[in-house]
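Below: one structure, written as structure tokens.
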2 protein chains.
Amino acid sequence: MRFRSVLDEIKTYEAGKPIELVVRDYGINPSDVVKLASNENPFGCSAKVLSKIATLTPHIHRYPDDSYYALKTALANRYSVENSNIIIGSGSDQIFEFISHAILEQGDTVLQNKITFAMYDIYTRQAGAKTIRTDSDLHDLAQFEANLIHNPKIIYLTTPSNPLGDALDRDVVFQFLKRVSPETLVVIDAAYMEYAAAKDPKKLIDPKDLIAEFPNAIYTGTFSKAYGLGGLRVGYGIGEPKIIEALHKMRAPFNITSLSMAAAIEALGDQEFVQKSIAHNFREMKRYEIFADASELVFVGSYTNFIALFFPHNQSATKTAKALLERGVIVRDLASYGLNALRVTVGLASENDRFFELMQEVRK
Amino acid sequence: MRFRSVLDEIKTYEAGKPIELVVRDYGINPSDVVKLASNENPFGCSAKVLSKIATLTPHIHRYPDDSYYALKTALANRYSVENSNIIIGSGSDQIFEFISHAILEQGDTVLQNKITFAMYDIYTRQAGAKTIRTDSDLHDLAQFEANLIHNPKIIYLTTPSNPLGDALDRDVVFQFLKRVSPETLVVIDAAYMEYAAAKDPKKLIDPKDLIAEFPNAIYTGTFSKAYGLGGLRVGYGIGEPKIIEALHKMRAPFNITSLSMAAAIEALGDQEFVQKSIAHNFREMKRYEIFADASELVFVGSYTNFIALFFPHNQSATKTAKALLERGVIVRDLASYGLNALRVTVGLASENDRFFELMQEVRK
């Protein structure tokens, strides 16, 4: 049997190590494991979500409402847009997948930052297209502009960025968008926008303003980070109805679960929980910055719930990550991005304590 | 902005009307609505699943284990295959999507039955390929064989079939497979196999035997029907590791939720619930057959949890479906398949009573 030749170019994505597997591998007590690897909300999710799920569990034999009407309405209210501006995905990830498969033909090009979310390139390859990268680790729109000459079909702007945590000013993004061809779809991946907007309002990109001014842009968001629903897989895209309709043609029916939809609606309704989580996040982030300064680690100022810590040349982030893992602390080694750095999710105060303490002990 | 031209050929899938929307449209009391449209298990799911979900809900801020190790192991044990033979999908639906995108190039052909699951053709179109159909409503392998001349890249055999409910004998399927080129992938869509195997062991296709004898075949199953987890979106494919590896390249990370994985494992462990549901199903199915005979409706002997009822020429299934809907009973009109027929899911005894009673009243 012959598979498409584009598959030869695809490596499967390596996800963060789940707690259960660490426990299994090193025989560590589950309650001693500290997971700071996947940018999850350490407070969990809103208590309202938990009650809602309990009420709905007896109905899980029923298929979800495939129109996802109630969730679209809740998002439309939150962002002051129409339901027809919204598509629901199994994580915002799936929106990128729809976009790739709806637009790209063999040989097309896609522009992204040098260091960014690994899945863009995988979806691009799935469609037989090619990724062009800027030269800079941090997002630099002058470099994006220089690469417009390659006539990309899609541009990914990740703001705030993952795995480094930097964020672009809204005004700078809008200036850049004016220089992009209306034939190019620009994806604003805003998975961590709730954090950035709270830290600095200049970073806030409002999807309503964005798509009103740039009908060739799409905004993507997720419930996996600030809303604390990583296990339930809910994301969304906001764009002009023409784009949203096209993406719906690549969507399979029932792409999120009934519990996921209900949970997302409840989570959206509890902004107090989100704001409390974010306030905690930046208080604890300060401790990471102080720790880094005191430990000769270079960091990027982060607008997210994680921080990238760069190691000096004579030390190895990879070896350190392994030593931490053996002691039950899971962080993300950025070696696969060509960086001698760790990405650490800001956890509960006690979890961060454990990280600081162990780093003194095992750093290599 | 330009989307791929293949999108022009795609209509979006029309899902069964969810209970909430019927309630909204006709102002019917939710407790009076009877949904017999989506082949869900009317008993719900195993009580063990409900307890398990309650235990795990506090952890939904954590991403799932992307290897889905525990679920693969449970399925591998059930089917006496290896974990490397298994891929998990968001419904078996998503397995078809992986298959289409991994194999099909523009201009390729896919062979399916005339009347069958609507999504095969949509995934085929997404990949720019073309569907060839047999001429017969029921699955007829002689017709499939006659169409091998078109050199299909993929063949879909749906056994038992949806929306008609007929099923093929295992021996007949295996005889047919011997005549298929090893370069063609044959998908055995066995979404309702638990029902067929219980009604007539000759229909049972064991995935282990299937892939041992035909390495170009893949078996797909689901937790949405007999296991009662339609809202949680879990399906699987079982095939040779080479095929499974290729399909994994088209899979996005975290494609089912953490609760879905845990629920599927529990559901698989409670075969008593499944067998009880199936026994009830065929007892009530007998009542549908008697009703059809007494009401001049033609039916196809069904190996599933639904029955297709064909109306006489002077009556309209579509008008009848609408009249039922206005009274809160939801069934599937098969007009979009070119049939003057309804597909009715076998419900609880009281739900079936309501259908029989209303049919006398509103049939048009």
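The values are calculated or read from the model by the stated rules, or taken from the named source; none is laboratory data. Nothing here was measured: the structure is a model prediction, and the numbers come from that model. Here Cβ is always computed from backbone atoms with ideal geometry, including for glycine, and neighbour counts include all displayed protein chains. These accessible areas exclude ligands, DNA and RNA; they are computed on the full protein's heavy atoms, side chains included. Shrake-Rupley method; radii C 1.70, N 1.55, O 1.52, S 1.80 Å.
The table that follows gives values for the structure above.
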{"read-out": "Residue within region A:347-354 that is of a type in the set (Gly, Ala, Ser) and open to solvent by 70 Å² or more (accessible area, probe 1.4 Å) present", "value": "yes"}
{"read-out": "Residue match in region B:100-119 (condition: under 25 Å from A:Phe3 (Cα atoms), open to solvent by 20 Å² or more (accessible area, probe 1.4 Å), among the hydrophobic types (A, V, I, L, M, F, W, C) and facing chain A (nearest Cβ under 10 Å))", "value": "yes"}
{"read-out": "Selection status of B:Glu284, touching a strand residue (DSSP E or B) at 6+ places or on another chain (Cβ under 8 Å), open to solvent by 10 Å² or more (accessible area, probe 1.4 Å) and closer than 30 Å to B:Lys364 by Cα", "value": "no"}
{"read-out": "When residues of region A:170-207 are limited to those that are closer than 27 Å to A:Leu342 by Cβ and touching a Lys or Arg at 6+ places or on another chain (Cβ under 9 Å), the one surrounded by the most Cβ atoms within 10 Å (Cβ to Cβ)", "value": "A:Tyr195"}
{"read-out": "Region A:212-240, residues that are assigned to a helix (DSSP H, G or I) and farther than 21 Å from A:Ser38 by Cα", "value": "A:Ala212, A:Glu213"}
{"read-out": "Of all residues making up region A:196-211, the number that are assigned to a loop (DSSP other than H, G, I, E, B) and either in contact (Cβ under 8 Å) with a residue 40 or more places away in the chain or not hydrophobic (A, V, I, L, M, F, W, C) (or both)", "value": "3"}
{"read-out": "Unique match (being closer than 29 Å to B:Gly228 by Cβ, assigned to a helix (DSSP H, G or I) and in contact with a strand residue (DSSP E or B) (Cβ under 9 Å, 6 or more places away or on another chain)) among B:Val187, B:Val173", "value": "B:Val173"}
{"read-out": "Hits in region A:288-309 (condition: part of a strand (DSSP E or B) and either open to solvent by less than 50 Å² (accessible area, probe 1.4 Å) or in contact with a helix residue (DSSP H, G or I) (Cβ under 6 Å, 6 or more places away or on another chain) (or both))", "value": "A:Phe299, A:Phe306, A:Ile307, A:Ala308, A:Leu309"}
{"read-out": "Verdict on A:Ile243 being touching a strand residue (DSSP E or B) at 6+ places or on another chain (Cβ under 9 Å), part of a helix (DSSP H, G or I) and at the interface with another protein chain (Cβ under 9 Å from one of its Cβ atoms)", "value": "yes"}
{"read-out": "Evaluation of A:Glu289 against (1) free of Cβ contacts under 8 Å to residues at least 60 places away in the same chain; (2) within 17 Å of B:His61 (Cα to Cα) (one fails), failing number", "value": "(2)"}
{"read-out": "Subset of region B:344-364 (residues that are under 15 Å from B:Glu284 (Cβ atoms) and outside any helix (DSSP H, G or I))", "value": "B:Val344, B:Thr345, B:Val346, B:Gly347, B:Leu348"}
{"read-out": "Some residue of region B:263-276 being part of a helix (DSSP H, G or I), open to solvent by less than 10 Å² (accessible area, probe 1.4 Å) and at the interface with another protein chain (Cβ under 8 Å from one of its Cβ atoms)", "value": "yes"}
{"read-out": "Filtered residue count, region B:328-339, keeping only those that are in a loop (DSSP other than H, G, I, E, B) and crowded, with 18+ Cβ neighbours inside 10 Å", "value": "4"}
{"read-out": "Within region A:144-161, considering residues that are of a type in the set (A, V, I, L, M) and out of contact with any Leu (no Cβ under 9 Å at 6 or more places or on another chain), the one most open to solvent (accessible area, probe 1.4 Å)", "value": "A:Ile149"}
{"read-out": "Subset of region B:38-75 [under 24 Å from A:Pro253 (Cα atoms) and either touching a Cys at 6+ places or on another chain (Cβ under 8 Å) or open to solvent by 40 Å² or more (accessible area, probe 1.4 Å) (or both)]", "value": "B:Phe43, B:Ile60, B:Ser67"}
{"read-out": "Filter result (free of Cβ contacts under 8 Å to residues at least 60 places away in the same chain and out of contact with any Phe, Trp or Tyr (no Cβ under 9 Å at 6 or more places or on another chain)) within region B:212-233", "value": "B:Ala212, B:Pro215, B:Asn216, B:Ala217"}
{"read-out": "Filtered residues of region B:76-90 (kept if away from chain A (no Cβ under 14 Å) and in contact (Cβ under 8 Å) with a residue 60 or more places away in the chain)", "value": "B:Arg78, B:Tyr79, B:Ser80, B:Val81, B:Glu82, B:Asn85, B:Ile86"}
